[in-house]
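First the structure, in the form of structure tokens, and then the observations on it.
The values are calculated or read from the model by the stated rules, or taken from the named source; none is laboratory data. Please read these numbers as outputs of a predicted model, since none were measured by experiment. Don't worry about glycine lacking a Cβ; one is built from the backbone with ideal geometry, like all the others, and counts go over all protein chains shown.
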Amino acid sequence: MKVPILIPNIFNHPFTYNTDLNLKVGDYVVVPFGKAELTGVVWDEFERKTNKNFIIKKVSRKLNVPSLKKNTIKFLNWFSEYNMTPKGMSLKLLLLSSKAIEEHTSNVYEQFKIDIKQNKIELSQDQKSCLKKMNIANDKFRVHVLQGTTGSGKTMVYFEALKDIIKKGFQGLILLPEIGLTGQFQNKFVEFFGFKPAVWHSGITKKNKEIIWSGIANNKIKVVIGARSSLFLPFKKLGIIIVDEEHDQSYKQDEGVTYHARDMAISRASFENIPINLITAIPSIETFDNIKKGKYSLSKLEQRYLNASLPNYEIINLNNTKLESQNWISKEIIEKVKFHLKKNDQVLFFLNRRGFSPHVLCKKCFSSYTCLNCSINLVYHKKKNFLLCHYCGYKALLNRDCKKEGKCDFIFSGPGVERISDEVKKIFLNKETIIFSSDTMNKKNSLETLEKITNNEIQILIGTQLISKGFHFPNLNCIVVVDIDLSSQGHDLRGAEKNLQLYHQLSGRAGRTGKPATVYFQTYNLDTKMISDITNKDPGIFLEKELKIRRENNLPPFQRFIALIITGNNEKDIEKEAYKFKSFIEGAIEGKVLGPVNAPIFRLKRMFRVRLLIRGRKSLKVQTSLAKMMQKYNFPTGMKLTVDVDPINFN
Ligand SMILES: [Zn+2]
Ligand SMILES: [Zn+2]
């Protein structure tokens, strides 16, 4: 008997094998491929273009694992087509090695055993009515959005919904945007359910991956909390998906196989015919549009926990104070912060810039210190005492031969969190301070640090956007946005949306236990639309306005964008090639081709980059027509085309 086997590699089709085994679609097998033995899956259709002239090899063996569900196979096929990625690469997102998926000992699953305890958590009237709405039609595919201010208790509502479903024997998946969050989140989960969820992200050990993968395939693990990649686990009986913070743009995977995890979660739920809940304080524009069209149902939680109100906002006019050179904290703010500290409030200085200074230049030759591999300034990290490229990781010491004479003599322009931290320490003596950024918080001691912050043993935090992501700090009642003007720089079609989400999330960190809280914005620019959008209590006004702008300008979600990035090591050649490719596809695909233009980061990791943008209807035809043309086109060696469907970053 002949069977089609998909192998986790760059091919877009299964290979044909012979077998005497009794194999069915979804079975995991080991097959010879070239000189190697690979794990593959019996696929649902044969390769269409059969190549006659090769020897059909034999399947080595069948693996002792529950087979992959047909719905999951259909989902992967669709995923490949939508994201324009080879089917083999989509399978790779799901598969572990044959050894890893076969080996599993049963006693390790004791720790995940569901034993739902009675908890004393009582839902409010508001929460109960949301839960009721969430439970409507939850035995089949439907998208429900739970919208509620930060700190309004959305988690408890979807925990209840999840509980009902796992009690019926189904599995549940909770997607979170940030792996740093899973620690605090896990505690909350255990407190509610009384048993441990499996936690899945790229950082867990290989051993844990094997255990969880098998546990999911065997239905021994009931709940997974995970990052993007958990969407590809081989669930045997998935009954519900929850996407927390659905608006968060880190759901978009930009590198390797690119996809948007929220959108793919919705699609997987539809293939599995199960309900999916999107949780948010302010929906993304895409979700808002679908709510308005009636495609998604909606419930709203209006009140914060303990009736806490959202923080007040105050604008600090920097034109009125004279900041000393290399200082960023105004006298007015110092007084305000002292007032808060006296009340034992925790204070956060927010600046979305890692390191000490984003721009280092020589005062003799005036040249900036840029990355060797990228067209990007290096950022000075004072604690580690080196310059770092935030895009490729290149490091350099503060040491360079000057074009004028001798060594360069550096000055540091502009602040990063380390520099603000230095300033804060000079002003507020005897206070415990900490920098909260990906440079300081990804270590093993971060749990300990989080606890210290929670217990108010640290009075002042200096943080980047990492801190906006769902952390719960009960004493945080004062936030100082050091430089709101920074956020209005840059031109990104989602810039306004990104800022609104960021500052809303950030504000949500303050005043969580009912004490009055204030967010202060330092600015030189008093009539920005951005501040009034952020401080407006009704996000619906912003969303309506933004949706209108998108519609008028033919932007997503009204049109489909596909970004094509051509990279190569010769800047002139890639530009020529980009024009050539453009004229090749133009007219032959469903959509308009814009560009080419040099990418904003023209050189990245030693490669020059040119971008094309395809704008078309929201139809899979855009992808299929483009894929067809791409197959017929060969880029010269050394050049590469990367495709990003529904791009978020336009670097
Ligand atoms: Zn670099
Ligand atoms: Zn110099």
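Taking residues in segment 441-465 that are touching a residue at least 40 places away in the same chain (Cβ under 8 Å) and on the phi < 0 side of the Ramachandran plot, and partners anywhere that are acidic (Asp, Glu) and surrounded by fewer than 18 Cβ atoms within 10 Å (Cβ to Cβ), the pairs with Cβ atoms closer than 8 Å and at least 6 places apart or on different chains are Ile458/Glu432; Gln459/Glu432; Ile460/Glu432.
Scanning segment 568-603 for residues that are of a type in the set (Gly, Ala, Ser) and either surrounded by fewer than 17 Cβ atoms within 10 Å (Cβ to Cβ) or away from ligand 1 (no atom under 16 Å from the Cβ) (or both) gives Gly568, Ala578, Ser583, Gly587, Ala588, Gly591, Gly595. Of the set (1) surrounded by 17 or more Cβ atoms within 10 Å (Cβ to Cβ); (2) within 16 Å of ligand 1 (Cβ to nearest atom); (3) among the basic types (Lys, Arg), all apply to Lys395 but (1). If you check Ile266, Ile204 for being out of contact with any Ser or Thr (no Cβ under 7 Å at 6 or more places or on another chain) and either among the basic types (Lys, Arg) or without any contact (Cβ under 8 Å) to a residue 60 or more places away in the chain (or both), only one passes: Ile204. Residues in segment 208-228 that are closer than 21 Å to Gly26 by Cα and not charged (D, E, K, R): Ile211, Ile212, Trp213, Ser214, Gly215, Ile216, Ala217, Asn218, Asn219, Ile221.
Applying a threshold of 9 Å to beta carbon distances and a minimum spacing of six or more residues, or different chains, the list of pairs starting in segment 549-560 at a residue that is within 10 Å of Ile285 (Cα to Cα) and ending at one that is assigned to a loop (DSSP other than H, G, I, E, B) and hydrophobic (A, V, I, L, M, F, W, C) reads Arg550/Leu493; Arg550/Phe558; Pro556/Leu493.
Any idea which of Lys404, Lys331, Lys395 is over 30 Å from Gln459 (Cα atoms) and more than 16 Å from ligand 2 (Cβ to nearest atom)?
Numbers: Lys404 fails: more than 16 Å from ligand 2 (Cβ to nearest atom); Lys331 fails: over 30 Å from Gln459 (Cα atoms).
Among Lys404, Lys331, Lys395, only Lys395 is over 30 Å from Gln459 (Cα atoms) and more than 16 Å from ligand 2 (Cβ to nearest atom).
From the list Gly355, Gly256, Gly294, the one residue that fits, being in contact (Cβ under 8 Å) with a residue 12 or more places away in the chain, out of contact with any Cys (no Cβ under 9 Å at 6 or more places or on another chain) and either over 28 Å from Lys545 (Cα atoms) or not basic (Lys, Arg) (or both), is Gly355.
As a summary of the residue check, Arg419 satisfies the conditions (1) within 16 Å of ligand 2 (Cβ to nearest atom); (2) buried (at least 16 other Cβ atoms within 10 Å of the Cβ); (3) of a type in the set (D, E, K, R) except for the one numbered (1). Checking each residue in segment 239-286 for being among the basic types (Lys, Arg) and out of contact with any strand residue (DSSP E or B) (no Cβ under 6 Å at 6 or more places or on another chain) picks out only Arg268. When Ile411, Ile479, Ile458 are checked against the criterion of being more than 16 Å from ligand 2 (Cβ to nearest atom) and either assigned to a strand (DSSP E or B) or buried (at least 22 other Cβ atoms within 10 Å of the Cβ) (or both), a single residue qualifies: Ile479.
Every test in (1) within 26 Å of Ser532 (Cα to Cα); (2) without any contact (Cβ under 8 Å) to a residue 24 or more places away in the chain is passed by Phe349 save one, and that test is (2).
Quick one: how many residues across segment 466-476 are at positive phi and either touching a strand residue (DSSP E or B) at 6+ places or on another chain (Cβ under 8 Å) or assigned to a helix (DSSP H, G or I) (or both)?
Here the count works out to 0.
Just one of Gly587, Gly595 is part of a strand (DSSP E or B) and on the phi > 0 side of the Ramachandran plot; which is it? Just one listed residue meets the conditions, Gly595.
If you go through segment 348-392, how many residues are among the small types (Gly, Ala, Ser), surrounded by fewer than 21 Cβ atoms within 10 Å (Cβ to Cβ) and more than 9 Å from ligand 1 (Cβ to nearest atom)? Walk me through it before giving the result.
First, pick out the residues of segment 348-392 that are among the small types (Gly, Ala, Ser): 355, 357, 367-368, 375.
From what is left, the residues that are surrounded by fewer than 21 Cβ atoms within 10 Å (Cβ to Cβ) are 367-368, 375.
Okay, now just the ones that are also more than 9 Å from ligand 1 (Cβ to nearest atom), so 367-368.
Qualifying residue count, segment 348-392: 2.
Restricting segment 604-636 to residues that are among the polar types (S, T, N, Q) and surrounded by 16 or more Cβ atoms within 10 Å (Cβ to Cβ), the residue that is nearest to Asp646 (Cα to Cα) is Gln623. Give the residue that is nearest to the chain's Cα centre (by Cα), with candidates limited to residues of segment 175-184 that are of a type outside the set (A, V, I, L, M) and modelled with pLDDT under 85. Selected residue: Glu178.
Does Phe141 fit the bill of being surrounded by 18 or more Cβ atoms within 10 Å (Cβ to Cβ) and among the hydrophobic types (A, V, I, L, M, F, W, C)?
no
Residue by residue through segment 414-437, note down the ones that are in a helix (DSSP H, G or I) and touching a Ser or Thr at 6+ places or on another chain (Cβ under 7 Å). Selection gives Val417, Arg419, Ser421, Val424, Lys425. Scanning segment 375-391 for residues that are within 16 Å of ligand 2 (Cβ to nearest atom) and out of contact with any Ser or Thr (no Cβ under 7 Å at 6 or more places or on another chain) returns a single hit, Leu387. Taken over segment 202-238, the criterion of being in contact with a strand residue (DSSP E or B) (Cβ under 6 Å, 6 or more places away or on another chain) and either closer than 30 Å to Tyr391 by Cα or not β-branched (Val, Ile, Thr) (or both) is satisfied by Lys222, Ile225, Gly226, Arg228, Ser230, Phe235, Lys237, Leu238. Residues of segment 22-44 that are surrounded by fewer than 16 Cβ atoms within 10 Å (Cβ to Cβ) and touching a strand residue (DSSP E or B) at 6+ places or on another chain (Cβ under 6 Å): Glu37 alone. Of all residues in segment 145-158, those that are under 13 Å from Ile282 (Cα atoms) have Cβ atoms under 6 Å from Cβ atoms of residues that are assigned to a loop (DSSP other than H, G, I, E, B) and of a type in the set (A, V, I, L, M), 6 or more apart or on another chain, in Thr149/Ala281; Thr150/Ala281.
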